[in-house]
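One structure, as structure tokens, below. Some questions next.
Values in this text are rule-based calculations from the coordinates and carry no lab data. Keep in mind that this is a model prediction, so the values were computed, not measured. Neighbour counts are summed over all protein chains in view; Cβ atoms, including those assigned to glycine, are modelled from backbone coordinates with ideal geometry.
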Amino acid sequence: MVKKRNRDPEVLAEATHADDDGSGSDTDMIDVEFEWFNFKPDVDFHGVKSLVRQLLDVDSQLFDVSALADLILSQPTVGSTVKVDGEETDPYAFLTILNLYEHREKKVIKDLTEYLAAKGKTNSALAPLSGLLSSNAQVGLVLAERLINCPSEIAPPMYDMLIDEIEAAVEDKEPYEFTHYLIVSKTYHEIASTLDQEDAPKQKKNKAGKAKETFYFHPEDDVLQRHALASGSFEYTKDEGEGMADSKRAFQEMGIKSQGSMILIEANKFDGAVKAIKEYLNAQ
């Protein structure tokens, strides 16, 4: 049975106690020990499929998510799941990488590549992306998602493992020698709530003239974009529907609107970006 490599126990220990914010407050804490595993197709299909659907948000409807989950699970030694109650349980998080050029003839990858190239044209900050995706460049598509209550401190070990596994795969002559890494993720910005309508005029007045601020669902994405050749957000194709922003309310007075996000990093800068993630999250 394939298992994850042994990792630095100090790194994993930090991730398992991520609920401790260091504030010294009396808030009740739950000690959870996270475990890292390789993908196991007969166990992980539904959990990975659900997380992929969450990652792609409303636009997951545009793709064969089952086929994408199957492709992810077909690479058992590259990428990780994070679980709490052993290998036979559903994952709380996953991270993997797919070679877009190697899998270009698979319909789900063809659809996803065309989608990402089209979205890249909607934001000038993503200008280099479209030409790159239509070339023979070896672009590694990084997909990472976790349940909303998972601590961000699980991210650095997952990225560390991914780098190790890519290096091992390249040594074995497998197609993981990338020129670029493309992280697909999500951002959001606040919008005025449709609830409490009597307060709506006041809210609109208070927010008038204020530029929309972009927030990251994954804090590590804020670090990754600082090392990027190109990064930016894009609007989803599918409509979230009336009231969806309020169902995702981040704060009492505001709803939130999700957007897709892409971060393109050159291969020679990826290791440095991952090290920066570790430094940033361990400093929190």
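Could you give the semi-axes, largest first, of the ellipsoid that matches the stretch 32-282, computed as the square roots of 5 times the alpha carbon gyration tensor eigenvalues and rounded to whole Å? Intermediate results must be reported in sequence, preceding the final value.
Working: eigenvalues 191, 90, 65 Å².
Rounded to whole Å, the semi-axes are 31, 21, 18.
Taking 0.36 nm per residue of separation and subtracting the Cα-Cα distance, what length does fully extending Ser135 through Asp111 add? Intermediate results must be reported in sequence, preceding the final value.
Values: separation 24, 0.36 × 24 = 8.64 nm, distance 1.58 nm.
My answer for the length gained is 7.1 nm.
Could you list Met161, Met262 in order of exposure, starting from the residue whose Cβ has the fewest other Cβ atoms within 10 Å?
Values: Met161 19, Met262 23.
Fewest to most other Cβ atoms nearby, the residues stand as Met161, Met262.
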